[in-house]
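Just below is one structure, and these are the notes that go with it.
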Amino acid sequence: MKSITFWFDPISPYAYLAFERLPVALEGLSYEVRYRPVLFAALLKHWGQKGPAEIEPKRAWTFRQVHWWAHQHAIPIDTPQRHPFNPLAHLRLLVACGGAAGEPNRYVCETVLRDLWRGGADPNDAARLAALTALLAPPLDPNSDAVKAILRANGDAALAAGVFGVPTMQVDGRLFWGADSLSMLAASLRGDPWFDGPAWEREGRPREGILRG
């Protein structure tokens, strides 16, 4: 059985779509998933990038594409009333629900992601967040130092693995980034011989080129 690490931040619509689509994309395969919440903004800061929603034309395209993709795959989606929003409270809730390991199960992830990406409500509404917390009843206090430390450690581990965006699926030392990489992930898990050929390593090597200062 393969173990897949699913790095995600609930702020990302692609993380929501990949989460919803994952069981269909990997149907018939034997695998387990470890869900690892990570702060997307910290990844962006480390790699010197802006988020898609911080560049207006890219933001507009992102949500058009997201809704088209959801339409194609019959996944309900409503853009939250505010986006981007501060996802820290939801990330800490996810981690707190995962106990000492900080790894929430699929039910918890589904509940949080659907709360954010269905209905079009305000993600940072205090009453809604309180109701969500009460529903999930996490064994740890989401605002505790222990939970904050686990979330930071998740970020450090993601960066050490080379994660630069969300969602990223990690398996057998390989990273598969984005909802549109699910078919590639499935092919890898099914033993497609391409992954044992020269292309994966060759195309991942640095090349000479012009770099912006």
Lone unmet requirement of (1) in a loop (DSSP other than H, G, I, E, B); (2) farther than 21 Å from Arg152 by Cα; (3) under 14 Å from the mean Cα position of the chain (by Cα); (4) not small (Gly, Ala, Ser) for Glu110: (1)
Selected residue (only one of Trp7, Trp68 is outside any loop (DSSP other than H, G, I, E, B), over 20 Å from Leu135 (Cβ atoms), under 13 Å from the mean Cα position of the chain (by Cα) and among the aromatic types (Phe, Trp, Tyr)): Trp7
Residue among Gly173, Gly178, Gly213, Gly162 that alone is under 30 Å from Gly28 (Cα atoms) and at pLDDT below 95: Gly173
Candidates Leu175, Leu135, Leu113, Leu159 - the one that is over 30 Å from Phe195 (Cβ atoms) and not acidic (Asp, Glu): Leu135
Lone qualifier among Glu103, Glu54 - being modelled with pLDDT under 95 and acidic (Asp, Glu): Glu54
Pair list, Cβ < 7 Å and 6+ apart or interchain, from the stretch 93-108 residues that are crowded, with 20+ Cβ neighbours inside 10 Å to residues that are at pLDDT 95 or above and small (Gly, Ala, Ser): Pro104/Gly98
Residue check for Arg36: in contact with a Pro (Cβ under 7 Å, 6 or more places away or on another chain), surrounded by 13 or more Cβ atoms within 10 Å (Cβ to Cβ), closer than 23 Å to Asp156 by Cα and in contact (Cβ under 8 Å) with a residue 12 or more places away in the chain: no
Qualifying position, being within 21 Å of Asp9 (Cβ to Cβ), among the aliphatic types (A, V, I, L, M) and surrounded by 18 or more Cβ atoms within 10 Å (Cβ to Cβ), among Ala153, Ala149, Ala158: Ala158
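The values are calculated or read from the model by the stated rules, or taken from the named source; none is laboratory data. Owing to the predicted nature of the structure, the values given are computational and were not obtained by experimental measurement. Cβ coordinates were reconstructed from backbone atoms using ideal geometry, including for glycine residues, and neighbour counts include every protein chain displayed.
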